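Colleague: Take a look at this one; I'll ask things after.
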Amino acid sequence: MKLFFDQTKHSFGIDSNEQLTWGKNHLPLSTANRQDALFSVEMKKQEGQIGPIIGFLTSAHKTKSFVGNRNTFIRIHNQIQQTGGLIIVFTPLGIKQNRIDGFVYNSDDETWVKASTPLPNLIYNRVATVKQEQHEQMKKTFQWIKEQQIPMFNPHFFNKWETYCLFAKEPMLKRYVPKTMKITDNATFQQFIQKHQTLFIKPIYGNKGSGIMQLQFNDDETITLRANQFQTKIKSIQQTWDKLSPLFSKQEFIFQQAISLPTFQNCPYDFRVLMQHHSKQWHLTGIGIRCAGRASITTHVPQGGQILSLSQIEPKLNQTHIAQIGKQVAATLQHAYDNIREFSMDIGRDKKGHYWIFEVNAKPMIFDEPQIQQKGLQNLITLFYEQSLFLQEE
(Lines give C-alpha, C1' and ligand atoms only; values in the text may rest on other atoms or scores of the structure.)
Protein backbone atom coordinates (compact mmCIF):
# COMPACT_ATOMS: atom_id res chain seq x y z
CA MET A 1 0.00 0.00 0.00
CA LYS A 2 1.28 3.46 -0.89
CA LEU A 3 1.44 6.50 1.37
CA PHE A 4 1.79 9.92 -0.23
CA PHE A 5 3.93 12.74 1.15
CA ASP A 6 2.29 16.14 1.55
CA GLN A 7 5.15 18.64 1.43
CA THR A 8 3.06 21.46 2.90
CA LYS A 9 2.24 19.43 6.03
CA HIS A 10 5.52 17.46 6.03
CA SER A 11 3.49 14.31 6.62
CA PHE A 12 2.11 11.24 4.87
CA GLY A 13 -1.45 10.33 3.99
CA ILE A 14 -3.53 7.80 2.12
CA ASP A 15 -5.43 8.47 -1.10
CA SER A 16 -8.70 6.92 0.11
CA ASN A 17 -11.29 7.23 2.87
CA GLU A 18 -10.35 3.92 4.48
CA GLN A 19 -10.03 4.18 8.28
CA LEU A 20 -6.47 3.13 9.07
CA THR A 21 -3.95 3.87 11.82
CA TRP A 22 -0.18 3.82 11.95
CA GLY A 23 2.72 4.08 14.39
CA LYS A 24 3.31 2.64 17.86
CA ASN A 25 0.62 5.02 19.20
CA HIS A 26 -1.92 4.09 16.47
CA LEU A 27 -2.63 7.58 15.15
CA PRO A 28 -5.25 7.84 12.39
CA LEU A 29 -3.92 8.24 8.87
CA SER A 30 -5.00 11.44 7.17
CA THR A 31 -5.97 11.64 3.52
CA ALA A 32 -3.64 12.92 0.81
CA ASN A 33 -4.02 13.78 -2.84
CA ARG A 34 -1.65 11.65 -4.88
CA GLN A 35 -1.60 14.28 -7.63
CA ASP A 36 -0.09 16.86 -5.26
CA ALA A 37 2.26 14.45 -3.49
CA LEU A 38 6.00 15.09 -3.63
CA PHE A 39 6.68 11.32 -3.53
CA SER A 40 5.23 8.08 -2.19
CA VAL A 41 6.45 5.18 -0.07
CA GLU A 42 5.45 1.54 -0.01
CA MET A 43 4.04 0.24 3.29
CA LYS A 44 2.59 -2.96 4.73
CA LYS A 45 -1.04 -3.23 5.82
CA GLN A 46 -1.88 -5.48 8.74
CA GLU A 47 -5.10 -5.66 10.77
CA GLY A 48 -6.14 -2.11 9.97
CA GLN A 49 -2.70 -0.65 10.60
CA ILE A 50 -0.08 0.65 8.18
CA GLY A 51 3.62 0.22 8.86
CA PRO A 52 6.13 -0.43 10.03
CA ILE A 53 7.74 2.88 10.95
CA ILE A 54 11.41 2.23 11.78
CA GLY A 55 13.07 5.08 13.67
CA PHE A 56 16.82 5.43 13.17
CA LEU A 57 18.07 7.21 16.28
CA THR A 58 21.15 9.34 15.76
CA SER A 59 22.44 12.72 16.96
CA ALA A 60 22.18 16.27 15.69
CA HIS A 61 24.88 17.84 13.52
CA LYS A 62 25.97 21.49 13.56
CA THR A 63 25.72 21.96 9.80
CA LYS A 64 23.96 18.86 8.44
CA SER A 65 20.49 17.56 9.24
CA PHE A 66 21.84 14.59 11.25
CA VAL A 67 24.95 12.53 12.01
CA GLY A 68 25.21 9.18 10.27
CA ASN A 69 26.28 7.21 7.24
CA ARG A 70 23.74 8.37 4.67
CA ASN A 71 24.77 5.75 2.11
CA THR A 72 24.03 2.99 4.62
CA PHE A 73 20.68 4.53 5.53
CA ILE A 74 19.76 4.80 1.84
CA ARG A 75 20.67 1.15 1.21
CA ILE A 76 18.39 0.09 4.06
CA HIS A 77 15.61 2.41 2.81
CA ASN A 78 15.83 0.94 -0.69
CA GLN A 79 15.78 -2.60 0.67
CA ILE A 80 12.75 -2.16 2.92
CA GLN A 81 10.85 -0.33 0.18
CA GLN A 82 10.85 -3.53 -1.85
CA THR A 83 8.47 -5.10 0.67
CA GLY A 84 7.11 -2.10 2.61
CA GLY A 85 8.17 0.09 5.49
CA LEU A 86 9.28 3.63 6.31
CA ILE A 87 12.66 4.70 7.70
CA ILE A 88 12.64 8.00 9.60
CA VAL A 89 16.00 9.28 10.86
CA PHE A 90 15.60 11.36 14.01
CA THR A 91 17.55 12.92 16.89
CA PRO A 92 16.51 13.66 20.49
CA LEU A 93 15.47 17.13 19.31
CA GLY A 94 12.80 15.55 17.09
CA ILE A 95 10.86 13.85 19.88
CA LYS A 96 7.47 15.49 20.43
CA GLN A 97 4.49 14.50 22.58
CA ASN A 98 2.88 12.02 20.19
CA ARG A 99 5.04 12.18 17.09
CA ILE A 100 8.57 12.19 15.72
CA ASP A 101 10.01 15.00 13.61
CA GLY A 102 12.85 13.71 11.51
CA PHE A 103 14.00 13.04 7.96
CA VAL A 104 12.80 10.58 5.34
CA TYR A 105 14.43 9.72 2.04
CA ASN A 106 12.82 10.87 -1.21
CA SER A 107 14.06 8.33 -3.76
CA ASP A 108 12.62 10.33 -6.68
CA ASP A 109 15.08 13.21 -6.33
CA GLU A 110 17.55 11.49 -3.95
CA THR A 111 17.19 13.93 -1.06
CA TRP A 112 16.36 13.78 2.63
CA VAL A 113 13.26 15.79 3.52
CA LYS A 114 11.78 16.89 6.84
CA ALA A 115 8.82 14.79 7.91
CA SER A 116 6.58 14.04 10.89
CA THR A 117 5.30 10.57 11.74
CA PRO A 118 3.65 8.90 14.72
CA LEU A 119 5.93 7.15 17.20
CA PRO A 120 8.00 4.42 15.52
CA ASN A 121 7.09 0.74 15.84
CA LEU A 122 10.79 0.00 16.35
CA ILE A 123 13.96 2.04 16.99
CA TYR A 124 17.35 1.12 15.55
CA ASN A 125 20.19 2.67 17.56
CA ARG A 126 22.51 4.32 15.05
CA VAL A 127 24.11 6.87 17.40
CA ALA A 128 27.57 7.19 15.89
CA THR A 129 29.92 7.61 18.87
CA VAL A 130 30.17 6.67 22.53
CA LYS A 131 30.43 10.35 23.46
CA GLN A 132 27.13 11.08 21.72
CA GLU A 133 25.53 8.00 23.26
CA GLN A 134 26.57 9.02 26.78
CA HIS A 135 25.36 12.62 26.43
CA GLU A 136 22.73 13.52 29.04
CA GLN A 137 20.13 14.34 26.37
CA MET A 138 20.65 10.95 24.73
CA LYS A 139 20.31 9.17 28.08
CA LYS A 140 16.96 10.92 28.56
CA THR A 141 15.97 9.74 25.08
CA PHE A 142 16.78 6.12 25.97
CA GLN A 143 14.65 6.50 29.08
CA TRP A 144 11.79 7.97 27.01
CA ILE A 145 11.99 5.02 24.59
CA LYS A 146 11.76 2.63 27.53
CA GLU A 147 8.74 4.48 28.97
CA GLN A 148 6.99 4.38 25.58
CA GLN A 149 7.71 0.64 25.42
CA ILE A 150 9.14 0.95 21.91
CA PRO A 151 11.49 -1.95 21.08
CA MET A 152 15.06 -0.76 20.41
CA PHE A 153 18.23 -2.51 19.33
CA ASN A 154 21.13 -2.43 19.81
CA PRO A 155 21.13 -0.77 23.24
CA HIS A 156 24.68 0.66 23.34
CA PHE A 157 28.31 0.38 22.29
CA PHE A 158 30.30 -2.43 23.88
CA ASN A 159 33.03 -1.71 26.41
CA LYS A 160 36.05 -3.87 25.49
CA TRP A 161 36.99 -4.51 29.11
CA GLU A 162 33.44 -5.51 30.03
CA THR A 163 33.11 -7.91 27.11
CA TYR A 164 36.50 -9.47 27.89
CA CYS A 165 35.40 -10.08 31.48
CA LEU A 166 32.12 -11.60 30.27
CA PHE A 167 33.84 -14.00 27.87
CA ALA A 168 36.67 -14.89 30.27
CA LYS A 169 34.09 -16.10 32.81
CA GLU A 170 32.26 -18.28 30.30
CA PRO A 171 33.53 -21.90 30.28
CA MET A 172 32.74 -22.23 26.56
CA LEU A 173 34.47 -18.96 25.58
CA LYS A 174 37.40 -18.34 27.91
CA ARG A 175 39.83 -20.36 25.79
CA TYR A 176 39.12 -18.08 22.82
CA VAL A 177 40.05 -14.75 24.44
CA PRO A 178 43.67 -13.51 24.55
CA LYS A 179 44.95 -12.53 27.97
CA THR A 180 43.75 -8.99 28.59
CA MET A 181 44.23 -6.55 31.44
CA LYS A 182 43.18 -3.06 32.42
CA ILE A 183 46.51 -1.69 33.60
CA THR A 184 46.62 1.28 35.94
CA ASP A 185 50.10 1.01 37.50
CA ASN A 186 53.70 0.61 36.38
CA ALA A 187 54.37 -2.71 38.18
CA THR A 188 51.44 -4.51 36.50
CA PHE A 189 52.45 -3.03 33.14
CA GLN A 190 56.00 -4.33 33.50
CA GLN A 191 54.83 -7.82 34.47
CA PHE A 192 52.38 -7.98 31.56
CA ILE A 193 54.79 -6.93 28.82
CA GLN A 194 57.64 -9.10 30.14
CA LYS A 195 55.34 -12.12 30.19
CA HIS A 196 53.72 -11.63 26.77
CA GLN A 197 56.55 -9.83 24.91
CA THR A 198 54.17 -8.27 22.37
CA LEU A 199 50.87 -6.66 23.21
CA PHE A 200 48.22 -4.31 21.85
CA ILE A 201 46.93 -1.24 23.64
CA LYS A 202 43.30 -0.48 22.76
CA PRO A 203 40.87 2.23 23.89
CA ILE A 204 37.95 0.49 25.62
CA TYR A 205 35.52 2.26 23.28
CA GLY A 206 37.65 2.50 20.13
CA ASN A 207 36.39 1.37 16.73
CA LYS A 208 37.67 0.97 13.17
CA GLY A 209 41.17 0.41 14.56
CA SER A 210 41.53 3.98 15.79
CA GLY A 211 43.79 4.64 18.77
CA ILE A 212 45.39 1.17 18.77
CA MET A 213 49.10 0.83 19.54
CA GLN A 214 51.45 -2.16 19.65
CA LEU A 215 54.33 -2.66 22.08
CA GLN A 216 57.12 -5.17 21.51
CA PHE A 217 59.63 -6.09 24.24
CA ASN A 218 62.99 -6.63 22.54
CA ASP A 219 65.94 -8.84 23.55
CA ASP A 220 67.99 -5.74 24.54
CA GLU A 221 65.09 -4.71 26.84
CA THR A 222 64.13 -1.78 24.63
CA ILE A 223 60.51 -1.32 23.59
CA THR A 224 59.32 -0.84 20.02
CA LEU A 225 56.15 1.26 19.95
CA ARG A 226 54.06 1.05 16.79
CA ALA A 227 50.87 2.68 15.64
CA ASN A 228 49.42 2.77 12.14
CA GLN A 229 51.93 4.60 9.93
CA PHE A 230 54.22 5.27 12.96
CA GLN A 231 57.07 3.51 14.77
CA THR A 232 59.62 4.47 17.43
CA LYS A 233 62.02 2.73 19.82
CA ILE A 234 62.06 3.52 23.55
CA LYS A 235 65.05 2.70 25.78
CA SER A 236 63.25 0.90 28.60
CA ILE A 237 59.95 -0.31 30.05
CA GLN A 238 60.08 2.52 32.59
CA GLN A 239 60.48 5.17 29.91
CA THR A 240 57.64 3.56 27.97
CA TRP A 241 55.39 3.81 31.01
CA ASP A 242 56.44 7.43 31.57
CA LYS A 243 55.60 8.22 27.94
CA LEU A 244 52.21 6.49 27.89
CA SER A 245 50.84 6.95 31.42
CA PRO A 246 49.60 10.54 30.80
CA LEU A 247 47.48 9.09 27.98
CA PHE A 248 46.13 6.38 30.28
CA SER A 249 45.05 8.99 32.83
CA LYS A 250 42.88 10.73 30.19
CA GLN A 251 41.28 7.68 28.60
CA GLU A 252 40.68 4.04 29.57
CA PHE A 253 42.66 1.40 27.70
CA ILE A 254 43.06 -2.35 27.77
CA PHE A 255 46.28 -4.27 27.19
CA GLN A 256 45.79 -7.39 25.10
CA GLN A 257 48.22 -10.21 24.44
CA ALA A 258 49.25 -10.21 20.77
CA ILE A 259 48.53 -13.39 18.82
CA SER A 260 50.87 -14.47 16.03
CA LEU A 261 48.66 -14.61 12.93
CA PRO A 262 49.18 -16.27 9.53
CA THR A 263 50.18 -13.93 6.73
CA PHE A 264 49.33 -13.22 3.12
CA GLN A 265 52.24 -11.75 1.19
CA ASN A 266 53.99 -11.20 4.55
CA CYS A 267 51.06 -9.23 6.02
CA PRO A 268 48.93 -10.72 8.84
CA TYR A 269 45.23 -11.25 8.28
CA ASP A 270 42.17 -11.92 10.44
CA PHE A 271 38.41 -12.22 10.05
CA ARG A 272 35.32 -10.03 10.39
CA VAL A 273 32.29 -12.11 11.33
CA LEU A 274 28.75 -10.75 11.07
CA MET A 275 26.16 -12.33 13.38
CA GLN A 276 22.44 -11.48 13.16
CA HIS A 277 19.32 -12.70 14.93
CA HIS A 278 16.10 -13.49 13.10
CA SER A 279 13.55 -16.30 12.91
CA LYS A 280 14.12 -16.97 16.64
CA GLN A 281 17.79 -17.89 16.30
CA TRP A 282 21.27 -16.49 15.66
CA HIS A 283 22.81 -16.79 12.18
CA LEU A 284 26.32 -16.35 10.84
CA THR A 285 25.61 -13.93 7.99
CA GLY A 286 29.10 -13.87 6.54
CA ILE A 287 32.86 -13.81 7.10
CA GLY A 288 35.15 -11.21 5.56
CA ILE A 289 38.95 -11.43 5.53
CA ARG A 290 41.02 -8.33 6.33
CA CYS A 291 44.76 -8.15 5.73
CA ALA A 292 47.00 -5.52 7.34
CA GLY A 293 48.66 -2.92 5.15
CA ARG A 294 52.45 -2.79 4.85
CA ALA A 295 52.82 -0.08 7.50
CA SER A 296 49.77 -0.99 9.58
CA ILE A 297 49.48 -2.85 12.89
CA THR A 298 45.76 -3.56 12.40
CA THR A 299 43.78 -5.10 9.56
CA HIS A 300 41.02 -2.45 9.52
CA VAL A 301 40.44 -1.08 6.03
CA PRO A 302 40.16 2.56 7.26
CA GLN A 303 43.67 2.10 8.73
CA GLY A 304 45.22 0.80 5.50
CA GLY A 305 44.04 -2.82 5.53
CA GLN A 306 42.91 -4.69 2.43
CA ILE A 307 40.15 -7.18 1.66
CA LEU A 308 40.94 -10.79 0.78
CA SER A 309 38.68 -13.54 -0.49
CA LEU A 310 38.23 -16.91 1.21
CA SER A 311 39.93 -18.58 -1.74
CA GLN A 312 43.17 -16.67 -1.06
CA ILE A 313 43.94 -18.23 2.31
CA GLU A 314 45.12 -21.65 3.42
CA PRO A 315 44.08 -23.68 5.31
CA LYS A 316 40.39 -23.12 4.70
CA LEU A 317 38.25 -21.63 7.43
CA ASN A 318 36.21 -23.85 9.70
CA GLN A 319 33.00 -21.86 9.29
CA THR A 320 30.96 -24.30 11.41
CA HIS A 321 33.34 -23.76 14.32
CA ILE A 322 33.25 -19.97 13.90
CA ALA A 323 29.43 -20.09 13.86
CA GLN A 324 29.48 -22.04 17.13
CA ILE A 325 31.75 -19.45 18.72
CA GLY A 326 29.51 -16.67 17.38
CA LYS A 327 26.36 -18.22 18.83
CA GLN A 328 27.99 -18.65 22.24
CA VAL A 329 29.15 -15.01 22.13
CA ALA A 330 25.60 -14.00 21.19
CA ALA A 331 24.10 -15.93 24.12
CA THR A 332 26.58 -14.30 26.51
CA LEU A 333 25.92 -10.78 25.23
CA GLN A 334 22.16 -11.35 25.23
CA HIS A 335 22.26 -12.49 28.85
CA ALA A 336 24.39 -9.53 29.96
CA TYR A 337 22.75 -6.75 27.98
CA ASP A 338 19.34 -5.99 26.60
CA ASN A 339 17.99 -6.38 23.08
CA ILE A 340 21.10 -7.49 21.14
CA ARG A 341 20.12 -8.46 17.61
CA GLU A 342 23.33 -8.02 15.60
CA PHE A 343 27.04 -7.65 16.18
CA SER A 344 30.33 -8.31 14.46
CA MET A 345 33.43 -10.04 15.78
CA ASP A 346 37.10 -9.55 14.97
CA ILE A 347 38.54 -13.07 15.12
CA GLY A 348 42.05 -14.37 14.46
CA ARG A 349 43.43 -17.82 13.82
CA ASP A 350 46.92 -18.57 15.08
CA LYS A 351 49.44 -20.73 13.25
CA LYS A 352 48.27 -23.81 15.18
CA GLY A 353 44.71 -23.32 13.94
CA HIS A 354 43.26 -22.03 17.24
CA TYR A 355 40.70 -19.23 16.98
CA TRP A 356 40.84 -16.06 19.10
CA ILE A 357 38.20 -13.38 19.74
CA PHE A 358 39.91 -9.99 19.61
CA GLU A 359 36.81 -7.83 20.06
CA VAL A 360 33.08 -7.56 19.36
CA ASN A 361 31.31 -4.57 17.84
CA ALA A 362 27.74 -3.54 18.71
CA LYS A 363 27.18 -1.52 15.55
CA PRO A 364 28.70 -3.37 12.60
CA MET A 365 29.86 -1.42 9.60
CA ILE A 366 28.42 -2.41 6.23
CA PHE A 367 30.65 -5.17 4.85
CA ASP A 368 32.44 -4.48 1.57
CA GLU A 369 31.73 -7.96 0.20
CA PRO A 370 28.54 -7.64 -1.94
CA GLN A 371 27.20 -11.06 -0.95
CA ILE A 372 27.56 -10.37 2.80
CA GLN A 373 26.24 -6.84 2.35
CA GLN A 374 23.08 -8.02 0.59
CA LYS A 375 22.44 -10.93 2.94
CA GLY A 376 23.00 -8.63 5.92
CA LEU A 377 20.47 -6.12 4.58
CA GLN A 378 17.88 -8.85 3.98
CA ASN A 379 18.36 -10.21 7.49
CA LEU A 380 18.08 -6.72 8.93
CA ILE A 381 14.75 -6.10 7.18
CA THR A 382 13.44 -9.47 8.40
CA LEU A 383 14.47 -8.44 11.90
CA PHE A 384 12.69 -5.08 11.51
CA TYR A 385 9.45 -6.88 10.65
CA GLU A 386 9.79 -9.34 13.53
CA GLN A 387 10.60 -6.70 16.13
CA SER A 388 7.87 -4.31 14.94
CA LEU A 389 5.34 -7.19 14.71
CA PHE A 390 4.64 -6.53 11.01
CA LEU A 391 5.02 -10.14 10.00
CA GLN A 392 2.69 -10.39 7.02
CA GLU A 393 0.30 -8.46 4.83
CA GLU A 394 -3.43 -8.89 4.83
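Colleague: From LYS182, LYS160, which residue is among the basic types (Lys, Arg) and at pLDDT below 95?
Modeller: The match here is LYS182.
Colleague: Do we have any residue at all in region 81-98 that's in contact with a strand residue (DSSP E or B) (Cβ under 9 Å, 6 or more places away or on another chain), in contact (Cβ under 8 Å) with a residue 40 or more places away in the chain and of a type in the set (D, E, K, R)?
Modeller: No, every residue in region 81-98 fails to be in contact with a strand residue (DSSP E or B) (Cβ under 9 Å, 6 or more places away or on another chain), in contact (Cβ under 8 Å) with a residue 40 or more places away in the chain and of a type in the set (D, E, K, R).
Colleague: Using beta carbons and a limit of 9 Å, which pairs, at least six apart or on different chains, have the first residue in region 309-332 and touching a residue at least 40 places away in the same chain (Cβ under 8 Å) and open to solvent by less than 50 Å² (accessible area, probe 1.4 Å) and the second one assigned to a helix (DSSP H, G or I) and among the basic types (Lys, Arg)?
Modeller: THR332/LYS169
Colleague: Evaluate the following for ILE193: is it closer than 25 Å to ILE325 by Cα, outside any loop (DSSP other than H, G, I, E, B) and in contact (Cβ under 8 Å) with a residue 40 or more places away in the chain?
Modeller: So ILE193 fails the test.
Colleague: Has region 341-361 got at least one residue that is free of Cβ contacts under 8 Å to residues at least 40 places away in the same chain and among the hydrophobic types (A, V, I, L, M, F, W, C)?
Modeller: Within region 341-361 (the criterion being free of Cβ contacts under 8 Å to residues at least 40 places away in the same chain and among the hydrophobic types (A, V, I, L, M, F, W, C)), the answer is no, since none of the residues qualifies.
Colleague: Separate question: Which condition number in (1) of a type outside the set (A, V, I, L, M); (2) without any contact (Cβ under 8 Å) to a residue 12 or more places away in the chain; (3) touching a helix residue (DSSP H, G or I) at 6+ places or on another chain (Cβ under 9 Å) is the one that GLU133 fails?
Modeller: With (1) of a type outside the set (A, V, I, L, M); (2) without any contact (Cβ under 8 Å) to a residue 12 or more places away in the chain; (3) touching a helix residue (DSSP H, G or I) at 6+ places or on another chain (Cβ under 9 Å) applied to GLU133, the lone miss is (2).
Colleague: Something else: Among the residues in region 373-391, are any closer than 20 Å to LYS160 by Cβ and open to solvent by 30 Å² or more (accessible area, probe 1.4 Å)?
Modeller: No, there is no match, as no residue in region 373-391 is closer than 20 Å to LYS160 by Cβ and open to solvent by 30 Å² or more (accessible area, probe 1.4 Å).
Colleague: Further question on the same structure: Considering only region 349-394, how many residues are over 19 Å from the mean Cα position of the chain (by Cα), on the phi < 0 side of the Ramachandran plot and either of a type outside the set (Lys, Arg) or not in a loop (DSSP other than H, G, I, E, B) (or both)?
Modeller: Residues in region 349-394 being over 19 Å from the mean Cα position of the chain (by Cα), on the phi < 0 side of the Ramachandran plot and either of a type outside the set (Lys, Arg) or not in a loop (DSSP other than H, G, I, E, B) (or both): 13 in total.
Colleague: State whether one or more residues within region 282-299 are modelled with pLDDT of 95 or more, over 27 Å from GLN256 (Cα atoms), touching a strand residue (DSSP E or B) at 6+ places or on another chain (Cβ under 7 Å) and not hydroxyl-bearing (Ser, Thr, Tyr).
Modeller: yes
Colleague: Count, please, the residues in region 256-297 that happen to be of a type in the set (A, V, I, L, M, F, W, C), outside any strand (DSSP E or B) and buried (at least 21 other Cβ atoms within 10 Å of the Cβ).
Modeller: 2
Colleague: With the requirement that a residue be in contact with a strand residue (DSSP E or B) (Cβ under 9 Å, 6 or more places away or on another chain), in a loop (DSSP other than H, G, I, E, B), in contact (Cβ under 8 Å) with a residue 60 or more places away in the chain and farther than 18 Å from GLU386 by Cα, what does region 48-67 give you?
Modeller: Selection gives THR58 alone.
Colleague: Could you list, in sequence order, all residues of region 166-190 that are more than 30 Å from GLN324 (Cα to Cα) and among the aromatic types (Phe, Trp, Tyr)?
Modeller: Hit for region 166-190 is PHE189, nothing else.
Colleague: Still on this structure, please answer the following. List the pairs whose first member sits in region 18-41 and is of a type in the set (D, E, K, R), whose second member is not in a strand (DSSP E or B), and whose Cβ atoms are under 7 Å apart, counting only residues at least 6 apart or on separate chains?
Modeller: LYS24/PRO118; LYS24/LEU119; LYS24/PRO120; LYS24/ASN121; LYS24/GLN148; LYS24/ILE150; ARG34/ASP15
Colleague: Moving on to the next point. Name the residues in region 160-185 that are under 20 Å from the mean Cα position of the chain (by Cα) and crowded, with 16+ Cβ neighbours inside 10 Å, would you?
Modeller: LYS160, TRP161, THR163, TYR164, LEU166, PHE167
Colleague: Filter region 152-170 for residues that are part of a helix (DSSP H, G or I) and more than 12 Å from TYR337 (Cα to Cα) and give the result.
Modeller: LYS160, TRP161, TYR164, CYS165, PHE167, ALA168, LYS169
Colleague: Of these, VAL127, VAL89, which one is over 29 Å from GLN46 (Cα atoms) and either buried (at least 21 other Cβ atoms within 10 Å of the Cβ) or of a type in the set (Gly, Ala, Ser) (or both)?
Modeller: VAL127
Colleague: If a residue must be open to solvent by 50 Å² or more (accessible area, probe 1.4 Å) and in a helix (DSSP H, G or I), how many such residues does region 68-86 contain?
Modeller: Number of matching residues: 4.
Colleague: Also, quick follow-up: State all residues of region 245-255 that are touching a residue at least 12 places away in the same chain (Cβ under 8 Å) and open to solvent by 10 Å² or more (accessible area, probe 1.4 Å); if no residue qualifies, say none.
Modeller: Residues satisfying the conditions are SER245, PHE248, GLN251, GLU252, PHE253.
Colleague: Further question: So which strands (runs of 3 or more DSSP E) are wholly in region 1-47 and hold at least 2 residues that are open to solvent by less than 90 Å² (accessible area, probe 1.4 Å), among the basic types (Lys, Arg) and over 28 Å from GLU147 (Cβ atoms)?
Modeller: none
Colleague: Could you list all residues from region 92-116 that are crowded, with 16+ Cβ neighbours inside 10 Å and of a type in the set (Gly, Ala, Ser)?
Modeller: Within region 92-116, GLY94, GLY102, ALA115, SER116 qualify.
The values are calculated or read from the model by the stated rules, or taken from the named source; none is laboratory data. Since the structure is predicted, the reported quantities are computational estimates derived from the model, not experimental observations. Every residue, glycine among them, receives a Cβ derived from its backbone with ideal geometry; neighbour counts consider all protein chains shown. Side chains included, ligands, DNA and RNA excluded: accessible areas come from the protein's heavy atoms. Shrake-Rupley method; radii C 1.70, N 1.55, O 1.52, S 1.80 Å.
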